[in-house]
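The values are calculated or read from the model by the stated rules, or taken from the named source; none is laboratory data. Quick caveat: nothing in here was measured; it's all calculated off a predicted structure. Here the Cβ positions follow ideal geometry from the backbone for every residue, glycine too, while neighbour counts run over all protein chains shown.
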Amino acid sequence: RTTEETGPVVAVLERICEELAPRREGQVSDFIPELAGADPNAFGLAAVSAHGRCYSAGDDEAAFTVQSVSKPFVYAMALEERGLDDVHAHVGAEPSGEPFNAISLDEQGRPENPMINAGAIVTTSLIRGEESRSRFERIRAVLSSFAGRHLSMDEDSYRSEAGTGHRNRALGYLSMAGGVLEGSVEEAVLDYFRQCALNVTVVDLAVMAATLASGGVNPLTGERVISRRTARHTLSVMTSCGMYDRAGEWALRVGIPAKSGVSGGILAAAPGSFGVGVFSPPLDHAGNSVRGVAALEQLSENYDLHMLRIP
Ligand code: GLN
């Protein structure tokens, strides 16, 4: 993987990093104890074009746990394995307008959508293990194909969440009571914690996003990871539900299908043009990275990436 060192795109990314670095709003999450030690000044930005060119600026080598940014990829995996109707018999496709860890089930007993915790735990439960490979190893393999390299897991973060994530367990049990979670709640929740603890960099996020943006083919490795159809379904759900209770504001100001995570990562996929990854730990009240949101507003404006581009 070679990242361009100079050129106009790198200059734009560097300018955005410099301009936003002094911003001090937001709080580093202590939602998972292990996250509380993150450096509030860490800030990285990367973009990968649909043709596979990589550009980055700032802390582009800093590793952080993927957290909720894993959700669209496991959702995509469930779609590939079970089909749209079967997956959505278990989880809805409506924005919840509520925080990511909301206790939110619709009148059919399904979590509102697969981008909030309750829905993501259900989607993880829909993935099966194989004789030769556990469910988590299958999930890791798919996320690694999206990133184009093997992703390691942060054991400390996993253990930290496994020891404290009782609200997520409760969401799992509620979904089981609604008849939509398959198999064991505890196993589904632990695999969900493992998927959240996979380590990534902003360049990984940008490659993963570029794979969605180019319809399921990783532009660096050439591997088809998911079908075009699944890529579109996944981008659709990211559009309506990817930014939690800020989905509307996001559509207005950025307009790029995206997913954020509690460690401070945001992944955004502009179909046919760019995959973008941002990392900066301080979060706003909705749980989205403050500098990340601001960086994407600027990139969207700068490159005219809003999905409702009026010709
Ligand atoms: N692992 C975190 C959780 O389940 C992920 C949440 C997030 O990134 N918003 O709470």
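Reported count of residues in the stretch 173-203, each being touching a strand residue (DSSP E or B) at 6+ places or on another chain (Cβ under 7 Å), in a helix (DSSP H, G or I) and either charged (D, E, K, R) or closer than 21 Å to P33 by Cα (or both), is 2. Beta carbons closer than 7 Å, at least 6 apart along the sequence or on distinct chains, never pair a first residue in the stretch 169-193 that is at pLDDT 95 or above and charged (D, E, K, R) with a second that is outside any helix (DSSP H, G or I) and crowded, with 16+ Cβ neighbours inside 10 Å. Would a scan of the stretch 31-48 turn up a residue that is more than 21 Å from the chain's Cα centre (by Cα), outside any loop (DSSP other than H, G, I, E, B), in contact (Cβ under 8 Å) with a residue 24 or more places away in the chain and surrounded by fewer than 20 Cβ atoms within 10 Å (Cβ to Cβ)? Within the stretch 31-48, none of the residues are more than 21 Å from the chain's Cα centre (by Cα), outside any loop (DSSP other than H, G, I, E, B), in contact (Cβ under 8 Å) with a residue 24 or more places away in the chain and surrounded by fewer than 20 Cβ atoms within 10 Å (Cβ to Cβ). Going by the conditions given, is G275 touching a Ser or Thr at 6+ places or on another chain (Cβ under 8 Å) and within 16 Å of the ligand (Cβ to nearest atom)? It is false that G275 is touching a Ser or Thr at 6+ places or on another chain (Cβ under 8 Å) and within 16 Å of the ligand (Cβ to nearest atom). Scanning the stretch 288-311 for residues that are crowded, with 22+ Cβ neighbours inside 10 Å and within 16 Å of the ligand (Cβ to nearest atom) yields N288, S289, G292, V293. Taking the criterion of being in a helix (DSSP H, G or I) and free of Cβ contacts under 8 Å to residues at least 40 places away in the same chain, the only residue of the stretch 274-292 that qualifies is G292.
For (1) of a type in the set (A, V, I, L, M); (2) within 16 Å of the ligand (Cβ to nearest atom); (3) surrounded by fewer than 17 Cβ atoms within 10 Å (Cβ to Cβ), each residue gets a yes or a no:
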| site | (1), (2), (3) |
| --- | --- |
| R82 | no, no, no |
| I103 | yes, yes, yes |
| N113 | no, yes, no |
| G119 | no, yes, no |
| F146 | no, no, no |
| D156 | no, yes, yes |
| A162 | yes, yes, no |
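Every residue, every condition in (1) free of Cβ contacts under 8 Å to residues at least 40 places away in the same chain; (2) farther than 16 Å from L235 by Cα; (3) not β-branched (V, I, T), yes or no:
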site	(1), (2), (3)
Q67	no, yes, yes
M77	no, no, yes
G92	yes, no, yes
E98	no, yes, yes
I103	no, yes, no
P111	no, yes, yes
S132	yes, yes, yes
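Residue-level check: of (1) surrounded by 24 or more Cβ atoms within 10 Å (Cβ to Cβ); (2) not in a helix (DSSP H, G or I), G222 misses just (1).
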